[in-house]
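K.L.:
Attaching a single structure in structure tokens format; questions to follow.
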Amino acid sequence: MYIYVDDLWVILHGKVYDLTYFLPEHPGGQKIILKYAGKDATSAFEPIHPIDIITRLLPAEVCMGSIDPAALKGATKEESEEDKLIRIAREKMPRLEEMYNSFDFESVAKRVMKPDAWAYYSSGADDEISMRENHNAFHRIWLRPRVMVDVKHVDMSTTMLGCPASFPLYITATALGKLGHPEGEKVLTRAAGKTGIIQMIPTLASCSFDEMVDARLDKQNQWLQLYVNEDRNITKHLVQHAEARGIKGLFITADAPQLGRREKDMRQKYANEAPDEITRSEMSMTRNEGAARAISTFIDPALNWSDIPWFQSITKMPILIKGVQCAEDAVLAAKYGCQGVVLSNHGGRQLDFAPSSIEILAEVMETLKREGLDKNFEVYIDGGIRRGSDIFKAIALGAKGVGIGRPALFAMSSYGDAGVERLISLFQNELEMCMRLMGTPTIKDIKPEMVDIRNIKDHFVANPTDYLAAGAYERMQPRGGIISKL
Ligand SMILES: Cc1cc2nc3c(=O)[nH]c(=O)nc-3n(C[C@H](O)[C@H](O)[C@H](O)COP(=O)(O)O)c2cc1C
């Protein structure tokens, strides 16, 4: 329903914007703009919009001028109950040195993150079966260590798409970094730079693309994850700008022609925005959307293999398809001249019951080899990588490298730069120990026969945990429930 409003302005970053005519077109719906009409909307705007979005997409006239920050100070609200609980939880956080693995960061993040941010980052599609399977599948792969090998020095360094990396791990693309940390994805850029790993920049970052590129160190390498816009000119501009700014690989996300149903995220949106009189009818249309859907309406569901030559005509960057979920599509990617694929089910956020990437890795490698397509073609995986031994298993089965999504977000949200750096060094230490105990002093010593994958296809779903009841709903309890238990 369109609500007629004849004068609507909001304050963003100290400037007043007239959004009267933009209101019906706002991809995230009218309700959120109406909620902040006549007020400072910066805190709601910032996590889900890059800073330059207004100047890029709206006419200059919408900016009515600046507002004196002193005038805004008086209007500053008291600390909300939710913020208070988070502040108390943060005061009780364990010291960073007490974080010993990626799961530790997750459990702290759950307690100190804002409920809507936690819901967005942690959610998976539907019953979250694929999301949990992603890590569980690693438990079905056992190791076959070799002894009496000189492992005094272990060298984990490698190259991915020709970019040097301290070890075969990269931070993959995840949207909306500012939900978890005021500086958003720049935290991930800096931590990747300091630890010598690659960062994949997301299309839907909270920071602008240039902010993330400007935050990198000399010689630090970045890739770009691309959501393809229905308006190909926008996509072309982004791709060519990325190439001009030194991005070393283009990863086209192919598993999201429609965003998955992440119910935890949807419910959180509903809980946060209780309907009021003006917008009740609009809420009935959008209340099921959640943060994910609100930001992704532009993604072109018509994207298909015949678009690949067009991408090849607009860029010389290596092109990889992110979100491949079976061997046939890996073969097609190679036949269309792509430089690789990321086997991924989007962290279990898209199609529930899509297989884990580690499960299909071996058959993908075997098929590519059989078809003679495995040369100059790099296969990456992401989803559920939580231990150094997970990295080892993926490399053994033929992956060139692995991506982490949520672990980096959780470390960033709880401990900022230092948290992400510690997380990466924990992964690195775990991989080093695993390589030493496996008798593999370098990455190229890691071989398929070192892992036992005979059980990989066994999916016993005996009696799945009632995940929603156990996890997602507990945040919906009256204030003071979960957070204050810390
Ligand atoms: C909060 C969040 C946001 C994500 N946003 C994107 C995105 O914008 N584009 C994309 O291709 N993948 C996105 N992904 C998927 C990740 O790139 C990756 O496939 C997944 O997180 C890997 O699983 P993991 O979180 O278990 O490491 C997102 C994942 C999460 C958790």
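K.L.:
Against the definition (out of contact with any Leu (no Cβ under 8 Å at 6 or more places or on another chain) and within 16 Å of the ligand (Cβ to nearest atom)), how does Glu449 come out, yes or no?
P.N.:
no
K.L.:
Something else now. Look through the stretch 221-237, keep the residues that are touching a helix residue (DSSP H, G or I) at 6+ places or on another chain (Cβ under 7 Å) and open to solvent by 20 Å² or more (accessible area, probe 1.4 Å), and return whichever of them is nearest to Thr172 (Cα to Cα).
P.N.:
Only one residue fits best here, namely Asn229.
K.L.:
Further, regarding this structure: For the structure I just gave you, tell me whether Gly439 is at pLDDT 95 or above and surrounded by 19 or more Cβ atoms within 10 Å (Cβ to Cβ). So that I can check it myself, show each step before the final result.
P.N.:
On the way: at pLDDT 95 or above: yes; surrounded by 19 or more Cβ atoms within 10 Å (Cβ to Cβ): no.
Answer is no for this residue.
K.L.:
Against the definition (over 15 Å from Phe138 (Cα atoms) and in a helix (DSSP H, G or I)), how does Ser425 come out, yes or no? Break it down into steps so the answer makes sense when it comes.
P.N.:
On the way: over 15 Å from Phe138 (Cα atoms): yes; in a helix (DSSP H, G or I): yes.
For Ser425, the condition - over 15 Å from Phe138 (Cα atoms) and in a helix (DSSP H, G or I) - is met.
K.L.:
Quick one: Trp142 ticks every box in (1) away from the ligand (no atom under 16 Å from the Cβ); (2) open to solvent by 40 Å² or more (accessible area, probe 1.4 Å); (3) closer than 21 Å to Leu423 by Cα except a single one, so which number is it?
P.N.:
So the condition that Trp142 fails would be (3).
K.L.:
Residue check: is Val402 within 13 Å of the ligand (Cβ to nearest atom), within 28 Å of Ser296 (Cα to Cα) and open to solvent by less than 10 Å² (accessible area, probe 1.4 Å)?
P.N.:
yes
Residues checked against (1) of a type in the set (Phe, Trp, Tyr); (2) within 14 Å of the ligand (Cβ to nearest atom); (3) touching a Phe, Trp or Tyr at 6+ places or on another chain (Cβ under 8 Å):
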position	(1), (2), (3)
Lys322	no, yes, yes
Val364	no, no, no
Lys375	no, no, no
Gly419	no, no, yes
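Let's see how each residue does on (1) open to solvent by 10 Å² or more (accessible area, probe 1.4 Å); (2) over 17 Å from the mean Cα position of the chain (by Cα); (3) free of Cβ contacts under 8 Å to residues at least 24 places away in the same chain:
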residue	(1), (2), (3)
Leu351	yes, no, no
Val364	no, yes, no
Thr367	yes, yes, no
Pro407	no, no, no
Ser413	no, no, no
Asp417	yes, no, no
Leu423	no, no, no
Leu431	no, yes, no
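K.L.:
Among the residues of the stretch 389-398, count how many are at negative phi and open to solvent by 10 Å² or more (accessible area, probe 1.4 Å).
P.N.:
4
K.L.:
Checking the conditions here, which among Gly347, Gly323 is touching a residue at least 40 places away in the same chain (Cβ under 8 Å), part of a helix (DSSP H, G or I), in the same structural domain as Asn134 (by TED's automatic domain parsing) and in contact with an Asp or Glu (Cβ under 9 Å, 6 or more places away or on another chain)?
P.N.:
Sole residue among the options that is touching a residue at least 40 places away in the same chain (Cβ under 8 Å), part of a helix (DSSP H, G or I), in the same structural domain as Asn134 (by TED's automatic domain parsing) and in contact with an Asp or Glu (Cβ under 9 Å, 6 or more places away or on another chain): Gly347.
K.L.:
Across the stretch 247-267, what is the number of residues that are open to solvent by less than 60 Å² (accessible area, probe 1.4 Å), within 16 Å of Thr203 (Cα to Cα) and of a type outside the set (Phe, Trp, Tyr)? Walk me through how you get there before you give the answer.
P.N.:
Going through the stretch 247-267, the residues open to solvent by less than 60 Å² (accessible area, probe 1.4 Å) turn out to be 247, 249-256, 259-260, 262-266.
Then keep just the ones that are within 16 Å of Thr203 (Cα to Cα); that gives 247, 249-256, 259.
Subset that is of a type outside the set (Phe, Trp, Tyr): 247, 249-250, 252-256, 259.
Residues in the stretch 247-267 being open to solvent by less than 60 Å² (accessible area, probe 1.4 Å), within 16 Å of Thr203 (Cα to Cα) and of a type outside the set (Phe, Trp, Tyr): 9 in total.
K.L.:
Sticking with this one: So which strands (runs of 3 or more DSSP E) stay within the stretch 155-270 end to end and still have 1 or more residues that are more than 16 Å from the ligand (Cβ to nearest atom)?
P.N.:
In the stretch 155-270, 158-160, 163-165 are the strands (runs of 3 or more DSSP E) which contain 1 or more residues that are more than 16 Å from the ligand (Cβ to nearest atom).
K.L.:
Could you list all residues from the stretch 21-42 that are modelled with pLDDT of 75 or more and loosely packed, with under 14 Cβ neighbours inside 10 Å?
P.N.:
Tyr21, Gly38
The values are calculated or read from the model by the stated rules, or taken from the named source; none is laboratory data. This is a predicted model, so every value here is computed, not measured. FYI the Cβ positions are ideal-geometry reconstructions off the backbone, even for glycines, and counts take in every protein chain you see. With ligands, DNA and RNA removed, areas are computed over all heavy atoms of the protein, side chains included. Shrake-Rupley method; radii C 1.70, N 1.55, O 1.52, S 1.80 Å.
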